Every structure is written in C-alpha cells, then in structure tokens.
Amino acid sequence: MRTVQDTFIKTRGKVGGNDFWLNLLEGEIKYSSFLLVNIKNKPSRYKDFKFEFSNNLLKDFVNKRQNSEIVLLSVLKVLLYKYTSNNDVIIMIPVKTELNYNNSKNKSLFIRSFIHEDMTMDEIENDLKILLNKIYKNQNINLEEIMKELELEQDLTDILFAFNYNGIEDIAKKSNCNIIFNFNIIEDNFIVEIKYNSQIYNEFFVNQLCRHFELVLVFALNSKLEKVKNLKLMNNQEINLYNNLINSTSTSWNYNKSIVELFHEQVEKNPLSLAIKSQKVEISYIRLEEVSNKLSNLLIKRGVKKGDFIPIIAERSCEMIVGMLGVLKTGSCFVPISNKLPKERRDFILEDCNAKIVLIQKKDFLFKEDNYESIVLDLDKNSFFLEEKNFIGVLPEGEDLAYVLYTSGTTGNPKGVLIKNNSVVNLSYWFGKTFHLDSNKNILHMTDISFDVSIEETIVTLLNGAQIFIIPEEIKLNKYYFESYLIDNSINIAQFVPVTLRELLPKNKKIRSLDVIICGGDKLNSKLKDEVLNLGYSLYNNYGPTETTVDAISTKCEKELDVIGKPISNTEIYICNEFEEILPIGVIGEIYISGVGLSDGYLNRNELTDEKFIFNKLLLKKVYKTGDLARCLPNGNIEFIGRKDNQVKINGVRIELDDIETRLSKFELIEEAAVITKTSKKGDLYICAFYTAKNEISSENFRNYLGKYYPSYMIPKYFIKIEKFDVSYNQKINKKNLVHIKLEVNDNLCIQPRNSIERKLIDIWKNNLGVEHIGITDKFINLGGDSLIATSIVNEIQKVLCSKFTLIDFHNNISIVEISKIINNLDEKTLLKQLNNNIILLKKGYKENLNLFFIHAGNGEIDVYKNLSKILNNNYNYWGIRANCIESYCPINITIPLVASQYIEELKKIQSNGPYFILGWCIGGSIAYEIALQLESLGEKVEFLGLVNSFAPDKKFWGSVSDFTFQSEIEEAMRFIGESSIETILEKKESIEEIWDYTVTLLENRKFDCNLIKKRVLDDMDRAIPHFKDVLKIKTIIYYVNILRTFDRGRALYYPNSFVNVSINFFSACYERAANGYNWKNFTNSKFNYYEVPGDNFSVFLEPNVQIMAEKINQILNIYIS
C-alpha cells in the first residue's frame, strides 16, 4: 500500500518552507491530547499494548481504500475530535531517515488540521492528503526555530502517529509524546502497536481507544459522505452500562415534603433538645418552633404572600436561622444577604428580587432604606414576640421555592439561583444518612450565609434533629481559639474549604470529638488529604454548584485515590462533550448534572437559564451544564479536572473573572483591563488585574472603586500597570502571556527594617504574601492581603516572635511598623506611660467570669506569659500585671505587701469578687503569694495559686539587705559612668532620682558605647532584661537594671505575717531550681503540689518546655470549669 511519504521519496522535493510553517502554526493553539489537558512533569514510563483488528475489517479496508496512511490518520484525528470537541487538532508523525536531509534537527513533524461537525470523512481525508504533501515538501525547515519565532511551547500534542514504522523505540525515547500509535498492515494482519506513558494513561483507557478507533474506522469505510456529527461513540448498551456504573442513585424517600414539615417532625421528636447554640444564646427545638411561628404570623399580617421573596440581611446567628424558618412558614422564599456586602451589590439584590419587606438584625444599623419595610430580628426584644406562638401560616409544598442564593455573574451583577423545598429535603435525607445525624451530633456553623454550604450547616442540620454551634467571628479564623472551641463544644462535624482546612486544623493531633471533616468548594490536593487522614479523621470530599443544591457528588476519601466521588441520592452525573453526547469512561468532558437537586434557574434571567439549564435530547431530561471538566473512572468515581471557562473558585467561592473585567472596564481612569488568576507559593489561587492607563493608579484607588460593588473576596489582590496588552491572532488579549509577568506591586518607597523584630516580620509577610519587595510602612491590604492570609501571618507571628494578638489587632495595625510597636514593649514613647495602665489582656477567653492573673517577674514585664497563655485553656481570660511602682530611672525602697495591695486594687477593677486565680514567676511568685494572702484576709476565695521557680521567704537565706541611699546610688551610677570627675557633680544632686536622671542624660549625650554599658550590668541581670542582645537605648538598660534592683530588694525583705489557705502549686525549673523553692510547703494551710518542668528559669516559658507546664496548669484549671 502506498503512503504520502512513499510518493514524496520518489520526487525528492526540496522547497523552502519558513512561510508554510509560520502560517500553519500561527494563532492560538490548544494542546492536543485525549485527556484534553497538558499534564506536565510526569515521568515517562512506557508500556506496550497491541490491538488486532478483525479480518473482516482488514478485507473491507483493503478493498475500499488505496492510501492507508491517510485513512488511518484521518480516523485518529476524528477520534481525537470526538473525545475532546477540540476542532484544532495536532498530531505528530515521525520523519523517515531518507527524508531527513540537510542535517535537519527535526525528529518529527506537526500535522495541524481543523475539523468541524458538518465535515464528512471524505472531506477530512482529502484535506489531510493535501496538507501532508505540503508538510513533506517543507520538512527540511528547523521547526525549533519556527516555534521560537512564534513563541510556542515545545509540547503542542502528546500523540504521535506512525505507519509501518520500524524505529518506534527510538521515537518513544526522544519525543515528548505520551501515546504513540504504530499501525501495521502486513499480509493478513491488521495491528496497532501502542506505546503509552503509564503515568498518564492506563490499559483500560488504551483498550477503549482502540475499540473506538475501530468504530470510527468502520464509519469512515462505510459512511464516507456522512457528517462527523452523526458519528456516535456510545451506543445504547454502553450508555446503560455507564448509568449502572455511575447513576444508580434512586432512593425512595419522600423528598416531596417541605422543609417546614420536616422541621416540625423534629420538634415533635425532641422538643427540648438543643437546636442552636451561639456565644450568647441557646435555643431548643420547641423554642425555635415558637419564635419562628411568631415571626411568620407577623409577616403574614404585614401582607407577605406565598411565593414572595423576603431578603434577610444578617450575620451568622440565631436570628438569621429564625428568619429563614419564619419566612418558609409563610410559603415564601428567603433571600440570605450577608451584612458584609457592599451597598451597591446589596441594593441590586433587593431590587432584583422585588423585595417589599426586609428582615434585618438589630446590629445592622447601616440599613436605613426608605424603600423597604423592615422587621428587626432581635431575640431579646421584638414586636413579633407578641404574636401567636402556634403555626397559622402557609404550609409550603415540595415544588415551592425555598431560597434564592446570589452568586457571581458575568455581567457585573450577581445572579439569583432559585432552589426548591424538595431539593433541600432530598439533600437533607442524603446528608443525614451519610453522616449519621441525630440529636447527639454537634455541627459547626462557620460559613457565611451568602454561600450555600451554610444551608447544610443550618437548615439541613435542623431537619435531622442535630445541634447547630455558631462559632464567633473572632474565633473562626484564629487557629488556637478555633481548636479550643471545637474541643470545648464537642463538635462532631465541620465543613472547610481546602485553604481553611490547611490553616485551622491542628497538624499534630486529632481533636477527639471531631469525627467527620467535610471539604468542598475547591480541589482537595493529595498532600492535605493524606495529612488529615493520617490524623485519624473521616474525611469527605464534596462537590456541587449552587445550581444543584449544595452537593451533587461526594466521596469518603482514601489514600492514593484523588476523586470527588459518585453522585448523591436522586442525582445523575454525565460527562459530555460540546455536542451534549455522553463521553466514554476516562474521557474528559463537561460535568452535566440532573436530578431532584436541580435548580429552577436564575431569577429574572431567562436567557441565562436557557443557556445553562438545557433539555438534553439524547438523555431526554433537563440537565445543568456546570462548566467544570472531569472524567469518569472505571470504578464509577468522578475525577475533577478544572474549569473550561473564565470562572474560578477561590477559597471555595465561585467567581466570574469576566464580571470583574466588566466592572473594571467602566473605571474612567483606565483604558483596558484583563483579570487572571495566579498561584501563590503555597499553591493557592488569587486574582490579579492588569491594566493600561496614562498614569499609574494606586491599589487603594482600585479597591475603593471595586469595593462599592463587590465583597472583599472578589477584589483582585494585585493591580499591575503594563504598557500594552499582547493580542492573539483573533485580536483578543493574550492572557497566557500575563501569567509570566513578574509582580511589582509596591506603590511606595520600600523602607527597610530597622531591627530584628521588623526583619522577622518582613520575612513572615514575604512568606505569606508572595511579594518580594516589602517595606515596613507598606499596607497589608495593598500587598494583596486578605483574611485568610492574615490568619496565617498571625499564627506565624505567634510562633516565631512568641507574641500574641488577635485578628482584630492585626487588621487595625496593618503595617509592619505598627505591628512592631505592639510587639516591642521597649517603645520609648509609651514605656513609662504603660506602667500606669499596667493590666494587659493577653488572651480573651469564652467565659467572662473566669480570669487568671499573671504577676510580673523582677523586670516588671509580662512578655513570657504570652507564649504560655496562648496554649492554656481557652475558657479563661488571661491578664498580665506589669510593674506600676517605678516612674523614673531610679530604684525605690518598696515592700512586697505594699505592691500587692496596689495590684489588688487594679485586678478588682477586672473582677470585683472571687474566686481568684493567680500565678507568679520568680519574684512575681512572692507578690502572687502576698496577693492571695491579702485577698483571703478580705474574705475572698482564692481558687488557684501558682508559683513558678520562686524563692521561698527566708531572711537568713538572703542575709542583710540595705535600703537604696543617696551614697549607694552615687556608687552604683559611677559603675556605669566610670569617670571619677563626675562623682563630684553627682554629690551636688538633691535626690536619688536626680542622680539617675543626670546619669542617663550624660551617658546618652556623650554617646557612650551601649555594649560597654551592657558589660557593666551585673551577672544574671542581663538575662532578665528584655531583648538584651538587641540594640537598646542606654536609658532602657538603666531603667531595667534599677527595676530589677527594686524588686530584688523587696523579695529579700519579704516574710508573710500568716499563711494562705489555698493550695500552693509550685512549678520548678529542672535545670535551674530555686534553691529553697520546696520550702513553700511550709507557707500553706492546705496542700503543696510540686511539679517539675524541663528547662532553666527562662526556658521553661519556651517551646517545647512551656507545653509541659501548660499541660499541668490546664489539668488544674479544667477542674473549675462548670
């Protein structure tokens, strides 16, 4: 049989062909692969597969066609087209040795041809025959140079076709192809030998390819004038097998009931069971029933009718859930709107749903619209509490709408998705059965009400009789508080998106009560999945667009299996091509969803509804086109691939990039804009906007403009000005080139860090923001910061700097300079002022009446307690009491009882009555003991007294102790000054205070070497001075030296006049024990508990030693939690 190559070998054509290849390969090129996507960086491990075609097909083939190569190549291209719907098809062919003259570097050639559905096989073959002749005439051109000129990647396809070729092994080694077909027709045998990369393809898929190739070949031989669109790869038998494998989901529960009916059933089953618990409110099922009845009755009085749309503007709260149920009981439909939405976006939703009455929270004082009647949701005081508590509303039916949820749209405005009662009821049955929900299950609610997962965390939870726990906003993104909240409330099931799962879930231990973790909203990577499974959790990966009622596909995760699973009950999944045909197993296509969960479409958007919700003539049913790509595996599981359009999911939120581009294009200061996603170092997606304009526009200007229309998660992190956009052959912006542009996002001069704390903060910000050039005055938000990145930064600051602040602190102090001021207690301007405001909240707890007071050590500071408090029981509020008795640079003759009495006045402003919890370290132990003693003498109860490595009172141990006198302080000051001539000047001063004020001024004015001053600090004092190894001001060193002298003298003189009744809990540093610490056993009328902690006097507060001390303290504190 003749081939095109054979023909050309005889003619030996030599035609120059740069222009030919430039024309052939110009324009945008889609990667050609049976898998639709370019899977890079996979090692090549080839396996062999051989498929023999039937003798009848061979005879038919030989009898009907002359040019075997053209026929087989055409069939392979049509098969690729049917698999991918990509009409721009590229396949490689090898260059034969005798053709490879002029020392051409080409080992193979690209065959690029276009196929469309109305072409016949005969037309495809004729076009290919002409093209191949031109290719071989121009094969002497170096294709590598052509591709460089066109800026093309080397990988245009992963498929190579060969016909009767002997060097297939050599091609496999040198090509980038992942699948190589070598067709051989030798006498009575018609065989295809295939080499495939087993890291990408498998034997099942390759065998299926061969069977479908055979089917297309029969079509080509027998129907040469038939259009390609009439070729069907899947016959009825295969479709039935497909449905049996994937879509056997029919479940016979009564999903035509309404949400109201199912909720009432749960009320009757467990009326007194807890329904909802928030930070301030606990409400039972019967109470929730009555309150929502009252609200529905009031709404009906106000004219609400069945089918009306009732917006609820609120945060996650009991009030929000009462609002949902109250609206449903009128037969109307609730529209949840986050109170965080910008006014313009909120106003659009209110107008779009034709709202007449709006439910709002008491807190939402910003909502003052004259156009809408409003009812305030307030469980403490509200007009609807006077209404009848029995249900007199309208019982909805299964087909009635339950809610409208607005999601990102492509036009600049959100679109409202219509969800029916029976869709939620079906979801509820499946969810309850899958995760074993009942009245003993505690479900975490932390998803904003604007997102559909909140429906599962609220309505679905209630329909199964379980308990909703509403985590406070300030806790849900603080990993330390978050962990404690789950433990303290015995949370059993929690839902995350991958990025919050990675940030919030403890990595070293399992939370005992937490049995099930559900992850959705974005692709779950293998590493994170395996980390969670290794901790012992049951991890589920759920998939589903809002248009199909939260979840459509789910799986219980396993190691070595990265899938999103199988359809949930009464749901069908189809993987289809652009012609709405079901694709074979393993072939990538668009996910179509059908079933009970299917939405009715979009509110007031009939055209968009008709585009997305189609009636599939082949399936004879309505389906939703998701725009997501996936493939079905031989075991029936669905593997998610990605998006086919310009929609993305970031942190679980669906975002239309076209929507943002549309809005940016209306910004008068810019000429043109393009919006893409990029990937951070951690692997997270973020949005980046590029623009052209006459002048640079600050990020702040962009954020102010977009912030009027979009919530924060839709605003790009970076806004990059470029000179002009590259355009593709069809004059569209070439967004692929934008991905490679290096980000330069700093709007201002980059001011360098000045000290070690600022340097560490810079490193932390760089690590989390992915920005190289950061100055200490740059604003966090202008560098692309968001709440999740803030969470990660705060967690790292706590770990690296042993500092503790809340997310609220972080967002109120959004430059490194400002954060540094919080962390650095050595700030000169506030140092002495802070002494008068000496009680500092180190960590806020859940319970207002539980406070643990930490007493400073000899240096007057409480920094060491920050590291300890963050890992102590989160029910307590932890307060640090700093020194308030030193207001200058000189030492003072104080007594421990006097200091203790002053501190009692301060702590009583926080907690007026007992029981009290007190802990002191080193000298602070003596002060803590005296505080407990005085409180008991006042009739107060002291529940806990902790002493950390403190010396016990013992006048013999300390020996003779002198007061600070005029002469003693001249001598001490001279130790630092070192010039004998100065002594005369000091003697003329009138007080100790003047001596030290003069000393500090002299040392600073004469620019004394700070390191020399440090050497004159007495041994052991240097360890107690904060940040002693850093560059310090001389006045700072002098201040701490004399405060240490002050409290050291007070401790040495101290001996109590009686003993405490509270037990003493003594924590001893194993490597540096207080010499007489065990003697504290003689100073209590109760028990003396002695604990040993690894470390010296200072390192007991550092990791990992502090963990051991915290564990011992927690064991004691847990006893007192009611």
Notebook entry, point to check: Under the classification rounded if a/c is under 1.5, otherwise prolate if a/b is larger than b/c and oblate if not, where does the range 270-331 fall, given a ≥ b ≥ c as square roots of the Cα gyration tensor eigenvalues?
Noted result: oblate
Notebook entry, point to check: Please state the relative contact order of the range 649-726 as a whole percent: Cα pairs under 8 Å, 6+ residues apart?
Noted result: 28
Check: About its Cα centre, what dipole magnitude does the chain give when the only charges are +1 on Lys and Arg Cβ and -1 on Asp and Glu Cβ, stated in debye to the nearest 20?
Finding: 1180
Next item on the list: Could you compute the FRET efficiency for Asn176 and Leu561, with r as their C-beta to C-beta distance and R0 at 35 Å, rounded to 0.05?
Entry: 0.80
Note to self: Taking a ≥ b ≥ c as the square roots of the Cα gyration tensor eigenvalues, with a/c under 1.5 meaning rounded and otherwise prolate when a/b beats b/c, else oblate, which class fits the range 492-640?
What the structure shows: prolate
Next item on the list: Report, by chain and number, residues whose modeled amide H sits under 5 Å from the one on Leu842, excluding near sequence neighbours (fewer than 5 apart, same chain).
Entry: Tyr878, Trp879, Gly880
Item checked: Length-normalised contact order for the chain - Cα pairs under 8 Å, 6+ apart - percent -> 7
Item checked: Packing-based ranking, highest mean first, of 466-474, 108-116, 851-859, 586-594 given that Cβ atoms within 10 Å are counted -> 851-859, 586-594, 466-474, 108-116
Margin query: Ignoring everything except DSSP H segments at least 4 long, calculate the 222 nm mean residue ellipticity for the chain; use -39,500 (n - 2.57) per segment, divide by total residues, nearest 500.
Written below: -10500 deg cm²/dmol
Note to self: Please state the shape class of the chain: rounded when a/c is under 1.5, otherwise prolate if a/b exceeds b/c and oblate if not, all from the C-alpha gyration tensor.
What the structure shows: prolate
Next item on the list: Place the peptides 234-244, 774-784 in order of packing, highest mean first, counting for every residue the other Cβ atoms within 10 Å and averaging per peptide.
Entry: 774-784, 234-244
Note to self: For the chain, take the longest principal axis of its alpha carbons; what is the angle in degrees between that and the long axis of helix 787-801, to the nearest 10 within 0 to 90?
What the structure shows: 50
Note to self: Can you give the local net charge around Pro953? Use residues other than it whose beta-carbon is closer than 12 angstrom to its beta-carbon, Lys and Arg +1, Asp and Glu -1.
What the structure shows: +1
Notebook entry, point to check: Considering only DSSP beta bridges whose two residues both sit in the range 649-726, what percent are antiparallel, to the nearest 5?
Noted result: 70
Margin query: Less than 13 Å Cβ to Cβ from Pro1094, Lys/Arg counted +1 and Asp/Glu -1: what total charge do the surrounding residues give?
Written below: -3
Check: In square nanometres, what is one fourth of the surface area of the convex hull spanned by the alpha carbons of the range 508-554?
Finding: 3.6
Item checked: Angle in degrees between helix 285-301 and the longest Cα principal axis of the chain, rounded to the nearest 10 -> 70
Next item on the list: Tally the DSSP beta bridges in the chain and give the antiparallel ones as a percent, rounded to 5.
Entry: 55
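Rule-based calculations on the coordinates, nothing more; no lab input. Treat the numbers as computed from the prediction; the structure is a model and nothing was measured. With ideal geometry, Cβ positions are generated from the backbone for all residues, glycine too; neighbour counts draw on all protein chains shown.
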